[in-house]
1. Which far-off residues, 5 or more places away or on another chain, put their amide H under 5 Å from the one on LEU52, with H placed in the peptide plane?
2. Using the Karplus curve 6.51 cos²θ - 1.76 cosθ + 1.60 with θ = phi - 60°, work out ³J(HN,Hα) for each residue of the stretch 64-73 in order, rounded to whole Hz, and write x for Gly and Pro.
3. What residue among THR129, THR216, THR49 has the largest mean-square fluctuation in a Gaussian network model of the chain, using Cα springs under 10 Å?
4. If contacts are Cα pairs under 8 angstrom and at least 6 residues apart, what is the relative contact order of the stretch 160-211 in percent?
5. Tell me whether the stretch 122-245 comes out rounded, prolate or oblate; compute the Cα gyration tensor, take square roots of the eigenvalues as a ≥ b ≥ c, and use a/c under 1.5 as the rounded threshold.
6. Sorted by packing (mean other beta-carbon atoms within 10 Å per residue), highest first, where do 207-214, 235-242 land?
7. Residues with beta-carbon under 12 Å from that of ASN140, excluding ASN140: net charge, scoring Lys, Arg +1 and Asp, Glu -1?
8. In nm, to one decimal, how far is the SER71 label point from the ARG19 one, both placed 7 Å along Cα→Cβ?
Amino acid sequence: MNLENDLAHRLVEAHRAGRHDVDAAPYAELDRDTAYRIQRATMADLGQTPALYKTLVAPDGLGTVAPIYQSGFGKSGSFRLSSPNITGLELEVGLVLANDLTAAAANRDEIDIIEAIDYYFVGIEVCGTRYVDRTIAGPNGGLADNASALGYVMDPTHRDPGADIENYDVELEFAGQKIWSAPAKHSFGTVLKSFIAYAKNQHPAYPLKAGTIVTTGSLCGLVPIAGTGHVVGRLGSHTVEFDIV
């Protein structure tokens, strides 16, 4: 087994066992292409498919992407997610594409990017890691581990025509306790920044096709949680809720 296959195997075993005991140090040395191959090999070995994409902006300014698996994806009000490996919650604004969007079109004119979007929604990303210490993995090591994505919950009945988050507060409750209340502030500056960056720098394995669901980054940073309980997240009039068991 070569090193790349071995690193993928370690992540696969951690996923299957619900563990976070993988040494992140070897992953910190990866380049981006290798990180993507490990990410995809892990997904294939687990028999998973993406429910949605998580877009990010790498330190060099290029857009990157990580899948959030179908097995961890659910609808508000009815979803239950297992608790192993959960590190915290991120309330986010995501989007659904109405049309295919190629990298060529995205690089030609950002208007084409905006016009490809059907609608926006509010969701909660459940973050988790397979590493003992995610902080030493670096950006490419994090990418190999699906950018710490574990699950995602959205309310598809709430649709917005725009991505404006100004004058909205984010509130999070967990197990009957308020754990966050503050004005919305996007981790990448704007809702569309990571999506636009990725649209211009798409990976062939994760094309932006009509119907693709994309989540774009936290409005509250990572809010740590531990244990089990009912989750309620709010942004303005939008509410997302589910159970961690």
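Just so you know, all these numbers are worked out from the coordinates, no wet-lab data involved. No experiment lies behind these values; they were computed from the predicted model shown. For neighbour counting, all protein chains shown are included, and Cβ atoms are generated from backbone atoms with ideal geometry for every residue, glycine included.
1. ILE68
2. Once θ is set to phi - 60°, the couplings for the stretch 64-73 become 10, 8, 9, x, 10, 5, 4, 5, x, 10 Hz.
3. Evaluated over the chain, the most mobile residue of the options is THR49.
4. On the way: 33 pairs, mean separation 13.0, N = 52.
Dividing the mean separation by the residue count of the stretch 160-211 yields 25 percent.
5. Details: a/c = 1.66, a/b = 1.13, b/c = 1.47.
Cα axes put the stretch 122-245 in the oblate bin.
6. Numbers: 207-214: 15.8, 235-242: 18.6.
Order by mean packing, descending: 235-242, 207-214.
7. Working: positive: ARG32, ARG37; negative: GLU29, ASP31, ASP33, ASP60, ASP145.
Computed value for this residue: -3.
8. 1.6 nm
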